[in-house]
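Each remark here refers to the structure printed beneath this line.
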Amino acid sequence: MSLAAISGVIERRILANYRIDPEAVRRVLPAPFQPKLVSGFAIGGICLIRLGQMRPAWFPGARGLSSENAAHRIAVQWREGDELREGVYIPRRHTSSRLNVLTGGLVFPVVQQLAKFEVRESAERLSVKVGSASDGTSISVAGSVTSDWPGGSVFPDLRAASDFFRGGSLGYSADASGRRLFGIELNCETWRVEALAVERMESSFFEDISVFPRGTVQVDCALLMRGIGHRWDNRGALCCG
């Protein structure tokens, strides 16, 4: 059994991003994915998202479940026939919700690991720490809302970064068997982003030098989204012919 769509509200979403050597990224991508490049760099990062009022899309009203969630993402493209598609490959997903873990892959094709989240936030500053005993993943991101854009980013400005990440709404990750890739697509009622000045950005996945050798991963930029109605649509298994 799987649900066609789930609706809710993005209460807070941080997109903390790295620019990465494409060759290092290619080694971790399953077929048919290739890294989507910006100025010669691959783009990877962490999505730290608090979801509220989560419920089947057909269920009326504002009641629903809430959870903190984290996803490691890599921007990718691939071909389906003659069409070049784009989205994100998600090697790891974590959640604060035991229900999400128990139902992962059953009611929605997303397998998640349980993790502990420590969140501190105000209107201007946010800090999120994630730790998972099940697979050893650790994440720590902190930053402040800003009107400035980091000079070293591969994106020239906030608008260019916003357009890039808006195009990565379709995410694929492996099922419980690890043999098939299933996709879910994020459809937002509106798209509003703010720049986040990075004060701290750590990820045990992207800092694993056995996967990403020293010097191949650099902090690039971070974006913030808040208070946005949305829907997750099940796109099924990837089939590229």
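So the values come out like this:
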| quantity | calculated |
| --- | --- |
| Estimated translational D of the stretch 94-187 in µm²/s (Stokes, Kirkwood radius over Cα pairs; 25 °C; 0.890 mPa s) | 153 µm²/s |
| At R0 = 30 Å, FRET efficiency that the Cβ-Cβ distance of Thr146 and Arg85 yields, to 0.05 | 0.35 |
| Solvent-accessible area, 1.4 Å probe, carbon plus sulfur percent, for the chain | 50 percent |
| By average C-beta atoms within 10 angstrom, highest first, the peptides 158-166, 9-17 | 9-17, 158-166 |
| Relative packing of peptides 198-206, 87-95 - highest average C-beta neighbours within 10 Å first | 87-95, 198-206 |
| Charge dipole of the chain about the Cα centre (unit charges at C-beta), most positive-ward option of Val110, Ser173, Ser153 | Val110 |
| Descending Cα extents along the principal axes, the chain, whole Å | 46, 45, 35 |
| Stretch gain in nm, segment Thr190-Asp135, where the contour uses 0.36 nm per residue and the Cα spacing is subtracted | 16.3 nm |
| The stretch 73-208, accessible area per residue, ligands and nucleic acids excluded (1.4 Å, Å²) | 51 Å² |
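The values are calculated or read from the model by the stated rules, or taken from the named source; none is laboratory data. Quick caveat: nothing in here was measured; it's all calculated off a predicted structure. Virtual Cβ from ideal backbone geometry, glycine too; neighbours counted across all protein chains shown. Each accessible area value is taken on the protein alone, full model and side chains, heavy atoms only, with ligands, DNA and RNA left out. Shrake-Rupley method; radii C 1.70, N 1.55, O 1.52, S 1.80 Å.
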